[in-house]
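Step one of this worksheet: look at the structure below.
The values are calculated or read from the model by the stated rules, or taken from the named source; none is laboratory data. If you're wondering where the values come from, they're calculated on a predicted model, not measured in any experiment. Don't worry about glycine lacking a Cβ; one is built from the backbone with ideal geometry, like all the others, and counts go over all protein chains shown. Ligands, DNA and RNA are stripped out before the accessible areas are found, and what is left, the full protein with its side chains, is counted by its heavy atoms. Shrake-Rupley method; radii C 1.70, N 1.55, O 1.52, S 1.80 Å.
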Amino acid sequence: MSNIVVNLDGIPIEIKRQKISLKLLILDIENPRIQYYIDTRLNDNITQEKIKFSLAECNDQYEKLKEHIERNGGIYDPIWTVPKDDYYTVIEGNTRAFVYEELSEKYVNDEKWKTIDAYVLPYKINRDVINFIRLEKHLFGPTPWDAYEKARELYRLNTQEDYSLKRLEQLTKRNSFEIRNNIQAYMDMEEQYLKKYNKPSERLKVSYFVEFRKNKKLKNL
């Protein structure tokens, strides 16, 4: 275990890097990757098993990621966690954590799959820091959210956490026009389209709704 200081949203924060037992991990119900399934496929009783199912079902790259991690004997980029009582909530890296769990069941005698490399944030870290990490990793990182997940997260931050358009501009490096279009496109899609055409593949069409919001000719039609 080692301690390092990193700048997160402009704030220097001391974090730990350590190996964490898979048995101590709690997968994140707020993970943007699974919100579509939570919204449309699952009831209110969201269990860890349902989260795991959603992680595999809503990511068409899941099997490729699993194969990559298995072939390379692990991950090189630690997951991010927050302490919660005697456990750790995974705020970034939920899919990789689940892959490790599946591989630990496949290789029951191999100790390397029983723990995972993780960054541990301070207890009760500010939610703004958690949001910043998610955006940094999945707007600009190597495993970006799809268009629907991005639009939904911008909507959530704006409407549920009261992030202004100016604040979202700073965090996402996008202009307010683009951000507003994505938020409105998500709302249009949820209110007018997915109620009728509620298949998992339909969420990929959010880019159509973004284009509609940008294109005056389409809106006039």
Restricting the range 126-221 to trypsin sites (Lys or Arg not before Pro) in coil, as DSSP defines it, with at most 10 other Cβ within 10 Å: 173, 195, 196
Accessible surface of the chain, 1.4 Å probe, proportion on carbon and sulfur as whole %: 49 percent
Compactness of the range 1-78, expressed as Rg and Dmax over alpha-carbon positions, Å: 15.9, 41
Beta bridges by DSSP in the range 1-116, antiparallel share as percent, to the nearest 5: 90 percent
Shape box of the range 172-216 [Cα atoms, principal axes, largest first, Å]: 31, 23, 14
Solvent-accessible heavy-atom area per residue, rounded to whole Å², over the range 72-221 at 1.4 Å: 55 Å²
Distance (nanometres) between label positions extended 7 Å along Cα→Cβ at residue 47 and residue 3: 4.0 nm
Binned Cα-Cα distances of the range 28-123, short to long, each 5 Å bin given as a whole percent: 2, 13, 22, 23, 21, 13, 5, 1
Whole-Å semi-axes of the range 95-221's equivalent ellipsoid (Cα gyration tensor): 34, 21, 12
Cross-link table 52/166; 16/52; 52/216; 50/173; 52/196; 66/166, entries beyond 30 Å C-alpha to C-alpha: 52/166; 52/216; 50/173; 66/166
222 nm mean residue ellipticity, helices alone, for the chain (DSSP H n ≥ 4; -39,500 (n - 2.57); rounded to 500): -13500 deg cm²/dmol
Cα gyration tensor of the chain - equivalent ellipsoid semi-axes, whole Å, descending: 32, 22, 15
